[in-house]
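Visitor: Below are the structure tokens for one structure; questions will follow.
The values are calculated or read from the model by the stated rules, or taken from the named source; none is laboratory data. Quick caveat, the model's predicted, so the values are computed rather than measured. With ideal geometry, Cβ positions are generated from the backbone for all residues, glycine too; neighbour counts draw on all protein chains shown. What goes into the accessible areas is simple: the full protein's heavy atoms, side chains included, and nothing from ligands, DNA or RNA. Shrake-Rupley method; radii C 1.70, N 1.55, O 1.52, S 1.80 Å.
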Amino acid sequence: MPFPRELDQKNLSSFEELIVEAERLHARLNITDPKHDSRYREWVVKSSGFISMLFGNSKQGEKYQKALERNCTAYSSYSGKPYEYFSESIFREKIATLKGLRHNYINGYYVSLEKQIIANVSADYMEQAEALLGEGIKGKFDHVPAAVLCGAVLENRLRSFCEQQEPPINVTKRDGSSKTLGPLIGELEKRKTFNKLVFKNLKSWSDIRNSAAHGRFNEFTRHDVEFMLSGVQQFLVLHL
């Protein structure tokens, strides 16, 4: 999936940890009522929460959450008397679900090829922005080109996001020119696409980008650009 390398590795580690933990629980749950096993319940909550984070509120995510939260208690009867027992097959299905999700995640099956290309290109540019910030000399306006490049990446992604809305948001002006970062944010705000805090951050990043692009270097600092880079990276991961 199109996540920054650090977050991508964190997600893969989460998959591995949850699968390993499930395998360890498997033998124990054969002789323990899972309804009263705190470790099992903890695993279910962690697994469900991780999938929720990964897929958001999508129908796809809800389907996988339900599969992981499914009750492992089954019912049968002996000499006409019903009794409960731990269903190994149901628990194995949960482990198989996580393994399948991990495989599809690694191979990028949850994101279209077009989106993966866009995300990878954006990630490359963001890395370039970080390099510009890190290789320059403090006090010599090395943060200015980093702010411009970061703002360009954000503008490009927001433009694509606007076009994906239903109905699509027009990304061009009456004269046929492309809308810039500020107007794009304004259009999305009309649709209430994000919460107020997100829009506050977007406007702040837009101001920094505009100041950098128009030579108003005294209106922002290197520290502001560092926060901008970090914030934009997180925004792209969480929302786009």
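Visitor: Among (1) within 27 Å of N11 (Cα to Cα); (2) among the hydrophobic types (A, V, I, L, M, F, W, C); (3) touching a residue at least 24 places away in the same chain (Cβ under 8 Å), there is one condition L181 misses while meeting the rest; what is its number?
Guide: So the condition that L181 fails would be (1).
Visitor: Among the residues of segment 183-209 satisfying the criterion of being of a type in the set (S, T, N, Q) and within 28 Å of P167 (Cβ to Cβ), which is farthest from the chain's Cα centre (by Cα)?
Guide: S206
Visitor: While we're looking at this one, here's another question. Test L184 against the stated conditions and say whether it is open to solvent by less than 20 Å² (accessible area, probe 1.4 Å) and within 20 Å of V148 (Cα to Cα).
Guide: Answer is yes for this residue.
Visitor: Please verify whether S206 is touching a helix residue (DSSP H, G or I) at 6+ places or on another chain (Cβ under 6 Å) and either modelled with pLDDT of 90 or more or not aromatic (F, W, Y) (or both), treating the condition exactly as stated.
Guide: When the stated conditions are applied, S206 passes them.
Visitor: Follow-up question, since we're still on this one. All but one of (1) farther than 20 Å from F161 by Cβ; (2) in contact (Cβ under 8 Å) with a residue 24 or more places away in the chain; (3) assigned to a loop (DSSP other than H, G, I, E, B) hold for A212, so report the exception by its number.
Guide: (3)
Visitor: I've got another one for you. Just to be sure, is G176 farther than 22 Å from S230 by Cβ and either without any contact (Cβ under 8 Å) to a residue 12 or more places away in the chain or in contact with a Phe, Trp or Tyr (Cβ under 8 Å, 6 or more places away or on another chain) (or both)?
Guide: Answer is yes for this residue.
Visitor: Can I ask one more? Given the conditions (1) among the small types (G, A, S); (2) closer than 25 Å to H103 by Cβ; (3) open to solvent by less than 20 Å² (accessible area, probe 1.4 Å); (4) modelled with pLDDT under 80, which single one is not true for S48?
Guide: (4)
Visitor: Mind checking which residues of segment 198-210 are more than 13 Å from F235 (Cα to Cα) and crowded, with 19+ Cβ neighbours inside 10 Å?
Guide: Selection gives S206, I208, R209.
Visitor: Say we look at segment 149-177 and pick out the residues that are among the β-branched types (V, I, T) and not in a loop (DSSP other than H, G, I, E, B); which of these is least open to solvent (accessible area, probe 1.4 Å)?
Guide: Filtering first and then ranking leaves V153.
Visitor: Report, ordered by the first and then the second residue, all pairs with beta carbons closer than 8 Å, sequence separation of six or more or different chains, a first member in segment 217-235 that is under 22 Å from F194 (Cα atoms), and a second member that is modelled with pLDDT of 90 or more and among the hydroxyl-bearing types (S, T, Y).
Guide: Matching pairs, first to second residue: M228/S204.
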